[in-house]
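The values are calculated or read from the model by the stated rules, or taken from the named source; none is laboratory data. These numbers were taken from a predicted model, which means no experiment stands behind them. Note that we place each Cβ from the backbone using ideal geometry, even for glycine, and neighbour counts take in every protein chain shown.
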Amino acid sequence: MKEQLDLFHSKGTTHLQLKRPLAVFDLETTGVDFVKDRIVEMSVVMITPEGEKTIKTYRINPTIPIPIEASQIHGIYDEDVITCPTFKDLAQEIFDLLNPCDLAGFNSNRFDVPLLLEEFIRVGFSFSIDNRALVDVHRIYTHFEKRTLEAAYQFYCDKTLANAHSAEADALATYQVLEAQLGKYDELQNDIHFLHNFTNEERFLDSGRRFVYLSGKPAFNFGKYKGKYVEDVLRTDPGYYNWMMGGDFAQHTKQKLMEMKEGLRKK
């Protein structure tokens, strides 16, 4: 554990200024399709506004086979999780842990957050990201350096990342890299909402990035109605709603579409 705790003492770090807890998390999964794949390991580094840090790691039975290609990356095989709780078993605990928090991760806006949302929706939990800061350390890193987590850890912290592709080691390293980035780049502000805006090039409504805000209103971000306001399309082409709800879209995308349709009905 000493080696892991040493990760909190990084070269050139700046203490994060927080107004609410920050959950820096990482997922190991059955694959890279956030709509279809499942979580096999999740680790959360929780940082309070007072600077206290705790770690919570879950090993999870994904209820589907883990492809050998994925196991060879993160080292978790079917037999390792056969007796572990499922996400459904852990959903309430994870929800309660994360619900008061802003979120941060490495490439989390494009993968970890969307996959986590899918897992929650699958078991009947509504975990909202609407009023939550999402800080993607990978976005900061690629903006300035354009490399991998292992390279980022070596570059910013002058250390070699041991146990890469274990959720706990990666989450701890991500947190340390974020603090080091704040100490290195004057362009960055030590403010979670600034980092949220910096690492989200556009304001998306859903994990699948099918909807985006244009001039403050929800609009489509794909297909024949790209750039068109959702409420206009739902009025003029109601069949498009049915097509999307029956299509192979992320559950979070469908959830947001249902919410927008219900909002339009109440107007």
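Worth pointing out:
- Single unsatisfied condition, Thr253 versus (1) under 19 Å from Asp130 (Cα atoms); (2) surrounded by fewer than 21 Cβ atoms within 10 Å (Cβ to Cβ); (3) of a type in the set (S, T, N, Q): (2)
- A count restricted to the stretch 61-105 and to residues that are touching an Asp or Glu at 6+ places or on another chain (Cβ under 7 Å) and not β-branched (Val, Ile, Thr) stands at 4.
- Whichever residue in the stretch 51-82 is in contact (Cβ under 8 Å) with a residue 12 or more places away in the chain and of a type in the set (Ser, Thr, Tyr) and, among such residues, is surrounded by the most Cβ atoms within 10 Å (Cβ to Cβ): Tyr58
- Residue check, Gly208 in contact (Cβ under 8 Å) with a residue 40 or more places away in the chain and small (Gly, Ala, Ser): yes
- Taking every residue in the stretch 89-108 that is of a type in the set (Val, Ile, Thr) and pairing it with any residue that is surrounded by 14 or more Cβ atoms within 10 Å (Cβ to Cβ) and in a strand (DSSP E or B), at least 6 positions away or on another chain, the pairs with Cβ-Cβ distances below 9 Å are Ile94/Met42; Ile94/Val44; Ile94/Lys56; Ile94/Tyr58.
- Options Tyr175, Tyr185, Tyr156; residue that is in contact with a Phe, Trp or Tyr (Cβ under 9 Å, 6 or more places away or on another chain), in the same structural domain as Phe111 (by TED's automatic domain parsing), aromatic (Phe, Trp, Tyr) and surrounded by fewer than 15 Cβ atoms within 10 Å (Cβ to Cβ): Tyr185
- With respect to the stated conditions, Thr86 is surrounded by 15 or more Cβ atoms within 10 Å (Cβ to Cβ), more than 12 Å from the chain's Cα centre (by Cα), farther than 24 Å from Leu16 by Cα and hydroxyl-bearing (Ser, Thr, Tyr).
- The set of residues from the stretch 183-197 being in contact (Cβ under 8 Å) with a residue 60 or more places away in the chain and either under 17 Å from Ser108 (Cβ atoms) or hydroxyl-bearing (Ser, Thr, Tyr) (or both) comprises Ile192, His193, Leu195, His196.
- Listing of strands (runs of 3 or more DSSP E) fully contained in the stretch 1-59 that carry 1 or more residues being modelled with pLDDT of 95 or more and within 15 Å of the chain's Cα centre (by Cα): 22-29, 39-47
- Sole exception among (1) over 16 Å from the mean Cα position of the chain (by Cα); (2) in contact (Cβ under 8 Å) with a residue 40 or more places away in the chain for Leu117, by number: (1)
- In the stretch 208-267, of all residues being among the basic types (Lys, Arg) and touching a helix residue (DSSP H, G or I) at 6+ places or on another chain (Cβ under 7 Å), the one that is farthest from Glu118 (Cα to Cα) corresponds to Lys261.
- Single condition Gly263 does not satisfy, out of (1) within 19 Å of Val135 (Cβ to Cβ); (2) in a helix (DSSP H, G or I); (3) more than 20 Å from the chain's Cα centre (by Cα): (1)
- Residue in the stretch 138-153 that is farthest from Gln181 (Cα to Cα), counting only those that are surrounded by 14 or more Cβ atoms within 10 Å (Cβ to Cβ) and hydrophobic (A, V, I, L, M, F, W, C): Leu149
- Test result for Thr174, in a helix (DSSP H, G or I), among the β-branched types (Val, Ile, Thr) and modelled with pLDDT under 90: no
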